[in-house]
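First up is the structure itself, then whatever we jot down about it.
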Amino acid sequence: MKIIEAKHFDDMSLKAAQFMIEKVQRDPTITLGLATGGTPQKMYELLINDHRINGTSYHQVTTFNLDEYIGLDRHDPNSYYTYMHKALFDHIDIRDEQAFLPNGTASNLNAECERYEALIRQHGGIDLQVLGIGANGHIGFNEPGTSFESSTHIVKLTESTREANARYFNDLSEVPTEAITMGIQSIMNAKEILLLASGKKKADALYQLIHGKVDESFPASVLQRHEQVTIIADREALQKVAVSSN
Ligand code: PGA
């Protein structure tokens, strides 16, 4: 695991954007796994700036998002489809048909999970997966207790996750109770992983991810078994971890 310490959120976002831009420039047909949430938001802004200024192209890039709420229409302001379009896709030259998210309003949700997993395989798998981390150790919406063997599946969101995401909704009662998420195995199948974290509320989670026991009770601990993980996190998030940069 490679750990890169950033000074603060903006510095984390800059380092993460530089990391991503280098990957896309080196392989213009790269398949990216993308995440939503507050953590990657500024990184996406910087990717847009770079696209405008330096012309880094996403025309041949394919993306797969980690997850989507169940029951929200894709044009709902709180769907991850809307998030991704506003935060990134509408502002770069990615082809809409190459930017995939699970469909949280599919009539057969189990079939949708299988379709999504198969689609990732058909595209040769994910080259670089971007991840955030929940304070409870979730990655994607894989909450504590999720099997390490899981592929894309339906999850019931924990109350702590719903409360953490309620800031985007008018009211906690509006936060969906279920989602479709790539599974832990789907994430582990990615050739490379970039995990981002910022702020002291992630400090315990980062400590456990790096030094804790590898156990399904803390989903992110599985990343200790992946051979190509880079963590870019700010000082507050790394305050419990001694960074020796190996
Ligand atoms: P955040 O979410 O980026 O909004 O903190 C991360 C996560 O819950 O995975």
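The values are calculated or read from the model by the stated rules, or taken from the named source; none is laboratory data. Since the structure is predicted, the reported quantities are computational estimates derived from the model, not experimental observations. Note that we place each Cβ from the backbone using ideal geometry, even for glycine, and neighbour counts take in every protein chain shown. Surface accessibility is based on the protein's heavy atoms, side chains included, excluding ligands, DNA and RNA. Shrake-Rupley method; radii C 1.70, N 1.55, O 1.52, S 1.80 Å.
Within the set Ile120, Ile139, Ile92, Ile48, the sole residue that is in contact with a strand residue (DSSP E or B) (Cβ under 6 Å, 6 or more places away or on another chain), at pLDDT 95 or above and more than 16 Å from the ligand (Cβ to nearest atom) turns out to be Ile120. Those residues that are closer than 14 Å to Pro40 by Cβ and within 12 Å of the ligand (Cβ to nearest atom), I need them from the range 191-207; list them, please. Within the range 191-207, Leu195, Leu196, Ala197, Ser198, Gly199, Lys202 meet the criteria.
Gly124 meets each of the listed conditions (1) in contact with a helix residue (DSSP H, G or I) (Cβ under 9 Å, 6 or more places away or on another chain); (2) under 20 Å from Glu192 (Cα atoms); (3) assigned to a loop (DSSP other than H, G, I, E, B) apart from (1). Of Ile3, Ile30, which residue is among the hydrophobic types (A, V, I, L, M, F, W, C), touching a residue at least 60 places away in the same chain (Cβ under 8 Å) and out of contact with any Lys or Arg (no Cβ under 8 Å at 6 or more places or on another chain)? Going through Ile3, Ile30 in turn, the sole match is Ile3. Against the numbered list (1) within 16 Å of the ligand (Cβ to nearest atom); (2) in contact with a helix residue (DSSP H, G or I) (Cβ under 8 Å, 6 or more places away or on another chain); (3) not aliphatic (A, V, I, L, M), Gly38 comes up short only at (2). Criterion first (outside any loop (DSSP other than H, G, I, E, B) and closer than 19 Å to Val229 by Cα) does Val155 satisfy it? Considered against the rule, which asks whether it is outside any loop (DSSP other than H, G, I, E, B) and closer than 19 Å to Val229 by Cα, Val155 comes out as no. All conditions but one from (1) hydrophobic (A, V, I, L, M, F, W, C); (2) out of contact with any helix residue (DSSP H, G or I) (no Cβ under 7 Å at 6 or more places or on another chain); (3) away from the ligand (no atom under 16 Å from the Cβ) apply to Met84; the one that does not is (3).
Tallying residues that are open to solvent by less than 70 Å² (accessible area, probe 1.4 Å) and under 28 Å from Arg121 (Cα atoms) within the range 2-17 yields 2. Exactly one residue among His138, His51 is under 30 Å from Ala203 (Cβ atoms) and crowded, with 18+ Cβ neighbours inside 10 Å, and that residue is His138. Restricting the range 142-156 to residues that are open to solvent by 50 Å² or more (accessible area, probe 1.4 Å) and either closer than 20 Å to Tyr207 by Cβ or in contact with a helix residue (DSSP H, G or I) (Cβ under 9 Å, 6 or more places away or on another chain) (or both), the residue that is farthest from the ligand (Cβ to nearest atom) is Glu149.
Can you pull out the residues in the range 50-102 that are more than 16 Å from Pro40 (Cα to Cα) and touching a Lys or Arg at 6+ places or on another chain (Cβ under 7 Å)? His59, the sole residue that qualifies. Taken over the range 18-45, residues that are open to solvent by less than 40 Å² (accessible area, probe 1.4 Å) and more than 14 Å from the chain's Cα centre (by Cα) amount to 4. Inspect the range 120-130 for any residue being open to solvent by less than 50 Å² (accessible area, probe 1.4 Å) and basic (Lys, Arg) and give the result as yes or no. No, because not a single residue in the range 120-130 is open to solvent by less than 50 Å² (accessible area, probe 1.4 Å) and basic (Lys, Arg).
Determine if the range 158-168 includes at least one residue that is farther than 22 Å from Ser221 by Cα and of a type in the set (A, V, I, L, M). Scanning the range 158-168, I find at least one residue that is farther than 22 Å from Ser221 by Cα and of a type in the set (A, V, I, L, M), so the answer is yes. Of all residues in the range 101-118, one or more are within 26 Å of Asp50 (Cα to Cα) and crowded, with 19+ Cβ neighbours inside 10 Å.
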